[in-house]
Amino acid sequence: MPHDTSKPADTTRPLQLTRREAVLAAAAVASTSLLGWSASGVAQPAATAAAGATGTAVDAAAVGRFFAFSQAITGHADIDAVTAGRIRAAMVQGDGAFAAQAETLAGLVQPGMAPDALLAAASGAGLRDAALAVVSAWYTGTVTAGPVTTVVAYEQALMYRPVADGLSVPTYCNEGPLWWTAAPPEVGVPTPQQAAQAKPKAPPPPVMRSQ
């Protein structure tokens with residue numbers, strides 16, 4: 001009887017990836033981390049992780065109330081509702097007491113309320129730190145609980161807005177190669193050199209002639 005003389009597959013040889021495969025794998029891991037998902041092999045949204053930690057499903061109405069509070073405390077009505085859900089989920093996951101705190105904070109919001117007035121109301125309710133933590137999450141795009149920091153947003157982080165007219169979000173290139181070498185857009189404030197040129201020159205002092 002003829003026998004198989006082929007060699008068995010070598011299972012001890014290390015896996016070799018092409019450069020393309022390595023880049024794609026790194027991109028997948030990076031996107032998973034930025035979206036606040038676990039890196040355990042199964043993509044898990046931050047909201048689902050928070051629900052598992054608390055044992056309850058995320059209440060869409062509660063997220064809506066948190067979103068309204070976020071709009072009021074930041075003073076930005078055009079923030080993203082999906083990001084609000086991620087921030088709330090990450091904060092609840094980091095601190096189980098935050099779900100109740102978020103409801104109390106949402107109940108303090110009044111129509112047309114200014115951020116400083118809302119912060120004062122939160123301080124009166126003993127929730128100043130919780131309110132400021134929400135503001136910090138919106139501006140930095142991260143939620144920190146102990147030694148763990150969760151990225152919930154990047155391009156939507158509010159800290160990039162004050163310079164959005166002249167600078168894009170870091171790593172984002174929307175003006176082509178070497179776009180940063182061009183002069184930034186005018187903001188209506190003259191440079192010191194321009195101010196010096198526009199300033200009328202004082203007349204020379206009179207010449208004192210001897211009598």
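Any read-out appearing in this document is the output of simple, stated calculations on the displayed coordinates, not a laboratory observation. Predicted, not measured: the structure shown is a model, and the values here were computed from it. Ideal geometry is used to build each Cβ from the backbone, glycine not excepted, and the neighbour counts take in all protein chains shown.
What to note about this one:
- Residues in region 71-80 carry Karplus couplings, in order, of 4, 6, 6, 8, x, 10, 7, 9, 6, 8 Hz; the curve used is 6.51 cos²θ - 1.76 cosθ + 1.60 with θ = phi - 60°, and Gly or Pro positions show x.
- Inter-label distance for Val148 and Ala117, nm, one decimal - labels placed 7 Å from Cα along Cα-to-Cβ: 3.8 nm
- Pair Val82, Ser168: separation of 7 Å Cα→Cβ label points (nm): 2.0 nm
- Region 112-128 - phi-based ³J(HN,Hα) in whole Hz, Karplus 6.51/-1.76/1.60, Gly and Pro as x: x, 6, 7, x, 5, 5, 5, 5, 5, 5, 5, 5, x, 8, x, 10, 4
- Across region 141-149, computed HN-Hα scalar couplings (Karplus, 6.51 cos²θ - 1.76 cosθ + 1.60, θ = phi - 60°) run x, 9, 10, 10, 10, x, x, 9, 10 Hz from first to last residue, x flagging Gly and Pro.
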